[in-house]
Amino acid sequence: MTRTKGCRVDKGLANTPNRPSITGANPITFQKPKRKDRGKQNCQKSYMNGFYDTNAEKFLQDTQNVDMSSLRDRFLAAVPKTYTGSSRILDAGTGSGRDARSFYLAGYETEAFDASPSMVRAATDFSDLPVRQMRFEDFEWEHSFEGIWACASLLHVARDDLSEVMRRLADHLVSAGALYASFKVGDGERQEAARHFTDMTEESFAALLDDCPSLRQVETWRTEDRRPDRKDDLWLNALMRKT
Ligand SMILES: C[S@@+](CC[C@H](N)C(=O)[O-])C[C@H]1O[C@@H](n2cnc3c(N)ncnc32)[C@H](O)[C@@H]1O
């Protein structure tokens with residue numbers, strides 16, 4: 001099988017036995033943005049004032065090896081099986097590619113995207129999967145998925161844009177497909193260290209879903225941050241299903 005790295009690769013990964021091995025993975029694969037990417041970055045609408053590019057090395061170190069298996073397993077239990085082969089999962093706002101890689105190693109057809117050029121490069125290297133550079137606000141894809149995983153990523157979309165973004169993600173789920181999203185627990189929107197956050201409580205999340213008629217809430221639950229130095233941060237996890 002030919003594997004092509006980089007952005008905008010449309011190849012499916014069905015029936016690919018050539019999975020990356022856990023032992024063979026390079027733990028941190030950050031590279032400084034290449035000159036050709038700087039222009040690309042400037043043409044895009046600002047998506048975080050470049051926070052994830054400026055702080056890529058530290059962010060990757062802090063998040064690449066965090067154990068998210070219990071959350072992934074809860075999501076995977078809700079992802080419908082297909083008759084023809086493995087289910088398709090999209091890692092939306094993949095960051096380091098940690099979860100995309102795990103889904104792929106677990107046998108799922110996995111694709112991923114992120115707005116940050118540095119994260120796209122790091123995730124491509126870490127997962128050995130094609131990762132696209134794309135913003136939630138511009139999201140489009142040429143096929144649907146059985147599951148979409150948006151771990152700690154939709155939280156950076158402005159509240160005014162969130163309903164439309166969620167509806168668009170839902171449009172790319174098969175019937176009964178699963179969507180997972182997580183937000184920091186809190187009320188309203190805030191700016192912190194050059195990042196925009198839309199925080200959620202169970203109530204504000206329910207109100208958001210009222211604007212997304214094709215998504216039904218399966219469950220919400222709270223968890224502590226998995227990073228040892230962030231135990232005080234609370235997360236609201238939400239699992240939804242396409243109706
Ligand atoms: C807190 S990190 C989470 C990364 C990864 N999902 C994880 O759980 O480790 C947020 C990610 O969302 C990406 N991101 C931020 N705004 C975005 C947007 N508007 N569209 C797509 N990705 C975005 C960032 O580049 C970053 O990789």
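Out of LEU129, LEU162, report the one residue that is without any contact (Cβ under 8 Å) to a residue 60 or more places away in the chain and either under 26 Å from GLU224 (Cβ atoms) or not polar (S, T, N, Q) (or both). Step through it out loud before you land on a result.
Details: LEU129 fails: without any contact (Cβ under 8 Å) to a residue 60 or more places away in the chain.
Going through LEU129, LEU162 in turn, the sole match is LEU162.
For segment 99-111, a residue qualifies if it is in a helix (DSSP H, G or I) and surrounded by fewer than 24 Cβ atoms within 10 Å (Cβ to Cβ), and the qualifying residues are SER102, LEU105.
Just give me the residues in segment 208-243 being outside any strand (DSSP E or B) and within 27 Å of GLU146 (Cβ to Cβ), in sequence order.
First, the residues of segment 208-243 that are outside any strand (DSSP E or B): 208-214, 225-233, 243.
Of everything in segment 208-243, those that are outside any strand (DSSP E or B) and within 27 Å of GLU146 (Cβ to Cβ) turn out to be LEU208, LEU209, ASP210, ASP211, CYS212, PRO213, SER214, ARG226, THR243.
The condition of being of a type in the set (Ser, Thr, Tyr) and either away from the ligand (no atom under 12 Å from the Cβ) or free of Cβ contacts under 8 Å to residues at least 12 places away in the same chain (or both) does not hold for SER182.
Rundown of residues vs (1) closer than 26 Å to ASN55 by Cβ; (2) modelled with pLDDT of 95 or more; (3) touching a Ser or Thr at 6+ places or on another chain (Cβ under 9 Å), yes/no style:
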{"residue": "MET166", "(1), (2), (3)": "no, yes, no"}
{"residue": "TYR180", "(1), (2), (3)": "yes, yes, no"}
{"residue": "ALA194", "(1), (2), (3)": "yes, no, yes"}
{"residue": "LYS231", "(1), (2), (3)": "yes, no, no"}
{"residue": "TRP235", "(1), (2), (3)": "yes, yes, yes"}
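Considering TRP235, TRP221, the condition of being aromatic (Phe, Trp, Tyr) and within 18 Å of the chain's Cα centre (by Cα) is satisfied by TRP235 alone. Among the residues of segment 89-129, the ones that are of a type in the set (Lys, Arg) and under 14 Å from the mean Cα position of the chain (by Cα) come to 2 in all. Filtering segment 155-165 to residues that are surrounded by 20 or more Cβ atoms within 10 Å (Cβ to Cβ) and farther than 24 Å from ASP233 by Cα leaves only VAL165. Taken over segment 115-141, the criterion of being crowded, with 24+ Cβ neighbours inside 10 Å and under 21 Å from ASP67 (Cβ atoms) is satisfied by MET119, ALA122, ALA123, PHE126, SER127, LEU129.
Going by what's in this entry, would ALA152 be described as within 12 Å of the ligand (Cβ to nearest atom), at positive phi and within 17 Å of the chain's Cα centre (by Cα)? Judged against the criteria, ALA152 is a match.
For segment 53-98, the tally of residues that are surrounded by 14 or more Cβ atoms within 10 Å (Cβ to Cβ), away from the ligand (no atom under 14 Å from the Cβ), of a type outside the set (A, V, I, L, M) and at pLDDT 95 or above stands at 4. Counting just the residues of segment 112-146 that are in a strand (DSSP E or B) and under 12 Å from THR94 (Cβ atoms), which one comes out nearest to the ligand (Cβ to nearest atom)? The qualifying residue nearest to the ligand (Cβ to nearest atom) is ASP114.
The values are calculated or read from the model by the stated rules, or taken from the named source; none is laboratory data. What you see is a predicted model; the values in this text were computed from it and never measured. Backbone-built Cβ (ideal geometry, glycine too); neighbour counts: all protein chains shown.
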